[in-house]
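All remarks here apply to the structure that follows.
The values are calculated or read from the model by the stated rules, or taken from the named source; none is laboratory data. What you are looking at is a predicted structure, and each value in this text was computed from that prediction instead of being measured. Heads up, the Cβs are rebuilt from the backbone with ideal geometry, glycines too, and the neighbour counts pull from every protein chain shown.
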Amino acid sequence: MEPTAKICERCGGRRFATFEVRGLAVARVCDCVPPCETCGGAGFVRGRNARGYNETKPCECRDLFRRVDRFSEAQIPAKYRENAFESYESKTPSQARAQARLYELAKTISAKSRGVLIAGPVGVGKTHLLVATLRYLTLERGISCRFADFFHLLGNLREGYAQGRSDADLLGPLSTVDVLAIDELGKGRNTDWEYSILDELVSRRYNLGATTLLTTNYLDAPPVEGRSTRGFSAKSVVETLEERVGARIYSRLLEMCEFLTLDGPDHRKNP
Ligand SMILES: [Zn+2]
Ligand SMILES: [Zn+2]
């Protein structure tokens, strides 16, 4: 009789588990993954190339380690470390549509694909869907990603410039990472200087044709009669995303991103 395959309790059969390290989400290959039979755990194999020369190349088993590293390098806050498409519970048709669309994009997106801007009120799971996309891109596809909270990002850049660090040092990695995800675009009281830095970053990614994903609590278009603004940034009723970030950045985003708008549950039905 065949022994029943036991599912690992630590990773649930996923072969990796996530942890918190200094506030950030990291993933590690689970101890249940046996040493590779092909390379004995060395990580590389020797063989001959097409021209008959000896060569060393990475073993196929490295793929799992590489994907797990991609997840850890994405700098996702630890509190979001288990945010996945499967754990997102949509409550409205627009939320279900966004979930399905982002899942589809996560399967097909490449470093030079059009990105997505997710607009919606607080509490509809914009960040959950953003992180779920990064999780899929890193763990399932091994694509380099970077998560950045807009408010913290600008703060870090301000600090970096104050310390005399260069554009190349500060904006370089953010400009060239395959997929950059900016959470809560427009949040905070930001100065013209900070928007000029955002303009520089967006321009760099625009010129590279690099994939950028964003969320915002600002309305992606002026409010229309009959459209609920409940849950959107209080300012967004009088200030749209375009007014918030300026026409230049907004028009770039329109070109770089598909806009998805999420609505919250209709509170008027449950007063
Ligand atoms: Zn395991
Ligand atoms: Zn191997």
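Tell me, which residue of the range 169-192 that is in a helix (DSSP H, G or I) and at pLDDT 90 or above is farthest from Leu253 (Cα to Cα)?
Checking each candidate, the answer is Asp169.
Do any residues in the range 162-181 that are under 22 Å from Thr127 (Cα atoms) and free of Cβ contacts under 8 Å to residues at least 24 places away in the same chain have Cβ atoms under 8 Å from those of residues that are among the basic types (Lys, Arg) and part of a helix (DSSP H, G or I), where the two are at least six apart or on different chains, and which pairs are they?
none
Could you tell me whether Ser72 is over 25 Å from Gly231 (Cβ atoms), hydroxyl-bearing (Ser, Thr, Tyr) and modelled with pLDDT under 90?
For Ser72, the condition - over 25 Å from Gly231 (Cβ atoms), hydroxyl-bearing (Ser, Thr, Tyr) and modelled with pLDDT under 90 - is not met.
Please work out which one of (1) touching a strand residue (DSSP E or B) at 6+ places or on another chain (Cβ under 6 Å); (2) at negative phi; (3) of a type outside the set (Val, Ile, Thr) is the condition Gln75 fails and give its number.
Failing condition for Gln75: (2).
For Tyr80, which of the numbered conditions (1) loosely packed, with under 13 Cβ neighbours inside 10 Å; (2) touching a strand residue (DSSP E or B) at 6+ places or on another chain (Cβ under 7 Å) fails to hold?
So Tyr80 meets the others, but not (1).
Tell me the residue from Glu184, Glu140 that is touching a residue at least 12 places away in the same chain (Cβ under 8 Å) and in contact with a helix residue (DSSP H, G or I) (Cβ under 6 Å, 6 or more places away or on another chain), please.
Residue meeting the stated conditions: Glu184.
Just the residues that are part of a helix (DSSP H, G or I) and either closer than 17 Å to Leu24 by Cα or within 16 Å of ligand 1 (Cβ to nearest atom) (or both), please, taken from the range 57-106.
Leu64, Phe65, Arg67, Val68, Asp69, Arg70, Phe71, Ser72, Glu73, Ala78, Lys79, Tyr80
Given the residues Lys91, Lys57, Lys107, which is the only one that is modelled with pLDDT under 95 and more than 16 Å from ligand 2 (Cβ to nearest atom)?
That would be Lys91, the only listed residue that is modelled with pLDDT under 95 and more than 16 Å from ligand 2 (Cβ to nearest atom).
Just to be sure, is Cys39 within 16 Å of ligand 2 (Cβ to nearest atom), surrounded by 15 or more Cβ atoms within 10 Å (Cβ to Cβ) and not assigned by TED's automatic domain parsing to the domain that holds Val179?
yes
For Leu154, only one of the following conditions fails: (1) at pLDDT below 95; (2) closer than 16 Å to Val177 by Cα; (3) buried (at least 17 other Cβ atoms within 10 Å of the Cβ). What is its number?
With respect to (1) at pLDDT below 95; (2) closer than 16 Å to Val177 by Cα; (3) buried (at least 17 other Cβ atoms within 10 Å of the Cβ), Leu154 is out only on (2).
Does the range 2-10 include one or more residues that are touching a Lys or Arg at 6+ places or on another chain (Cβ under 7 Å) and more than 16 Å from ligand 2 (Cβ to nearest atom)?
There is no residue in the range 2-10 that is touching a Lys or Arg at 6+ places or on another chain (Cβ under 7 Å) and more than 16 Å from ligand 2 (Cβ to nearest atom).
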